[in-house]
Amino acid sequence: MYRFLLTPRWLALHVVVLLVIPAFVLLGQWQFGRFEERSTSSHQITGNLAAAPVAVEELTSPGGTVSTQDKYRTVLAKGTYDAGAQLLVRRRVQDKAVGFYVLTPLVTANGTGVLVNRGWVKAGSTADALPEVPAPSSGEVTVTGRLRPTETEETSGIRDRAGLPAGQVLLINTEAIGRGLPYRLLGGYVDLIEQSPAAAAAPAPVPAPDVGEGGGLNLAYGVQWWLFIGVAIGGWVLLIRREAADLKAAATAPGGPGPDEPGEGEPGPNAPSRSAEPSVPSGPSGPSGPSGRSSAPDDSEEPSPPGESAESAEPAVSSPPGESADLRS
């Protein structure tokens, strides 16, 4: 009954199902891993944003790095802006518009500096036009902001390149920017939240990070991939049962071949051969008589006229030689 499962068509289907099932398992596991990763990151970022601010020197050092656990921690920095070393960070999108981040070093009392992202400004009317940038505050200020790790091509997805206009960069890379400064920079940079005293004019503040749903979509996708496994197996079994039912119905149908009987057009073991068909009786000169014509009456012959007997319609037969005239009479 199930010998059809070994046909080429069904073997190909078996291979497809056996490849699809482990693929769905791996995709589901990957989505669950992303869910755990994003959930952990979401909880950590939420806690860092709510934590009390600390001095920036407690979390980073000159030439050092910012750990993942300290990302978005609220920090305090006190010093004066170095307006002459200010940079514009290209290709930054905010409020669905392309513009620049305004990056200004803040020099602390101990002679080290920390990069402060003072906010975002809209791009100029052309690609070469400089945007309008509010000047930094003069004198000593206290900055409150969110600590961020330095940017690289791998972490940001932005490809750095040379040949940019003077005073512009693509990445906020502390090491690269610090090479052109007369003081050492602390690792990472700070997104400005507020400063004291407040500036008369300032770029648009950088919004807080979107914590999102903590990987809820990844969890849903993982469950969905694993549900597809059940769909694949269920569909496979359903197709097999349907094919078996169709074959069984065809075998038990009235007039149809049984399970062990030959199909349509196939002769059975006791069927007579074509040579055993009855022959048509023939006359002395063949099946159509002496003249080769069929002995069946011809519909094209006209009937005898009324009153005329069948004998008068027959032609006269001459007597054979040797017979007497009396016999002819």
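I'm trying to understand the selection: among the residues of region 142-194, which are among the charged types (D, E, K, R) and in a strand (DSSP E or B)?
Passing the criteria: ARG146, ARG148, ASP191, GLU194.
Please state which one of ALA232, ALA220 is without any contact (Cβ under 8 Å) to a residue 12 or more places away in the chain, among the aliphatic types (A, V, I, L, M) and more than 24 Å from VAL141 (Cα to Cα).
Just a single option satisfies the conditions, and that option is ALA220.
Does ALA198 satisfy being among the hydrophobic types (A, V, I, L, M, F, W, C), touching a helix residue (DSSP H, G or I) at 6+ places or on another chain (Cβ under 9 Å) and farther than 17 Å from VAL93 by Cβ?
Values: among the hydrophobic types (A, V, I, L, M, F, W, C): yes; touching a helix residue (DSSP H, G or I) at 6+ places or on another chain (Cβ under 9 Å): no; farther than 17 Å from VAL93 by Cβ: yes.
Against the criterion (among the hydrophobic types (A, V, I, L, M, F, W, C), touching a helix residue (DSSP H, G or I) at 6+ places or on another chain (Cβ under 9 Å) and farther than 17 Å from VAL93 by Cβ), ALA198 does not qualify.
From the set of residues in region 206-229 that are over 30 Å from LYS122 (Cα atoms) and open to solvent by less than 50 Å² (accessible area, probe 1.4 Å), which is modelled with the highest pLDDT?
Only one residue fits best here, namely ILE229.
Would a scan of region 48-57 turn up a residue that is crowded, with 18+ Cβ neighbours inside 10 Å and over 27 Å from the mean Cα position of the chain (by Cα)?
There is at least one residue in region 48-57 that is crowded, with 18+ Cβ neighbours inside 10 Å and over 27 Å from the mean Cα position of the chain (by Cα).
Part of a loop (DSSP other than H, G, I, E, B), under 17 Å from GLN86 (Cβ atoms) and in contact with a Ser or Thr (Cβ under 7 Å, 6 or more places away or on another chain) - does that describe any residue in region 200-207?
Scanning region 200-207 turns up no residue that is part of a loop (DSSP other than H, G, I, E, B), under 17 Å from GLN86 (Cβ atoms) and in contact with a Ser or Thr (Cβ under 7 Å, 6 or more places away or on another chain).
If VAL121 passes every condition in (1) buried (at least 20 other Cβ atoms within 10 Å of the Cβ); (2) farther than 22 Å from ASP210 by Cβ but one, which one does it miss?
(2)
Of THR155, THR126, THR142, THR150, which residue is among the hydroxyl-bearing types (Ser, Thr, Tyr) and either more than 41 Å from the chain's Cα centre (by Cα) or open to solvent by less than 20 Å² (accessible area, probe 1.4 Å) (or both)?
Only one candidate passes the filter, namely THR142.
Being out of contact with any helix residue (DSSP H, G or I) (no Cβ under 9 Å at 6 or more places or on another chain) and assigned to a loop (DSSP other than H, G, I, E, B): is that true of PRO136 here?
So PRO136 does not fit the description; no.
Looking at (1) over 17 Å from ILE45 (Cβ atoms); (2) in contact with a Gly (Cβ under 9 Å, 6 or more places away or on another chain), which one does ILE193 not meet, given that it meets all the others?
Against the list (1) over 17 Å from ILE45 (Cβ atoms); (2) in contact with a Gly (Cβ under 9 Å, 6 or more places away or on another chain), ILE193 comes up short only on (1).
Restricting attention to region 24-46, which residues are out of contact with any helix residue (DSSP H, G or I) (no Cβ under 9 Å at 6 or more places or on another chain) and open to solvent by less than 40 Å² (accessible area, probe 1.4 Å)?
SER42, ILE45
Name the single residue that is modelled with the lowest pLDDT among those in region 84-110 being among the small types (Gly, Ala, Ser) and open to solvent by 60 Å² or more (accessible area, probe 1.4 Å). Walk me through it before giving the result.
Pass one, region 84-110, residues among the small types (Gly, Ala, Ser): 84-85, 97, 99, 109.
Next cut, open to solvent by 60 Å² or more (accessible area, probe 1.4 Å) only: 84, 109.
Values: GLY84: 95, ALA109: 92.
Taking the candidates together, the pick is ALA109.
Could you list, in sequence order, all residues of region 49-77 that are part of a helix (DSSP H, G or I) and without any contact (Cβ under 8 Å) to a residue 40 or more places away in the chain?
ALA50, GLU58, GLN69, listed by residue number.
When the residues of region 61-76 are narrowed to those that are closer than 9 Å to LEU147 by Cα and either of a type outside the set (Ser, Thr, Tyr) or more than 41 Å from the chain's Cα centre (by Cα) (or both), which ends up surrounded by the fewest Cβ atoms within 10 Å (Cβ to Cβ)?
Taking region 61-76 and keeping what is closer than 9 Å to LEU147 by Cα, we get 66, 70-75.
Next, only the ones that are either of a type outside the set (Ser, Thr, Tyr) or more than 41 Å from the chain's Cα centre (by Cα) (or both) stay: 66, 70-71, 73, 75.
On the way: VAL66: 22, ASP70: 20, LYS71: 18, ARG73: 24, VAL75: 25.
My answer is LYS71.
Given (1) in contact (Cβ under 8 Å) with a residue 60 or more places away in the chain; (2) in a strand (DSSP E or B), where does GLY99 come up short, assuming only one miss?
That leaves (1) as the condition not met.
The values are calculated or read from the model by the stated rules, or taken from the named source; none is laboratory data. Everything numeric here is computed off the predicted structure, so don't read it as measured data. So basically every Cβ, Gly included, is an ideal-geometry build from the backbone, and we count neighbours across all protein chains shown. For accessibility, only protein heavy atoms count, side chains too; no ligands or nucleic acids. Shrake-Rupley method; radii C 1.70, N 1.55, O 1.52, S 1.80 Å.
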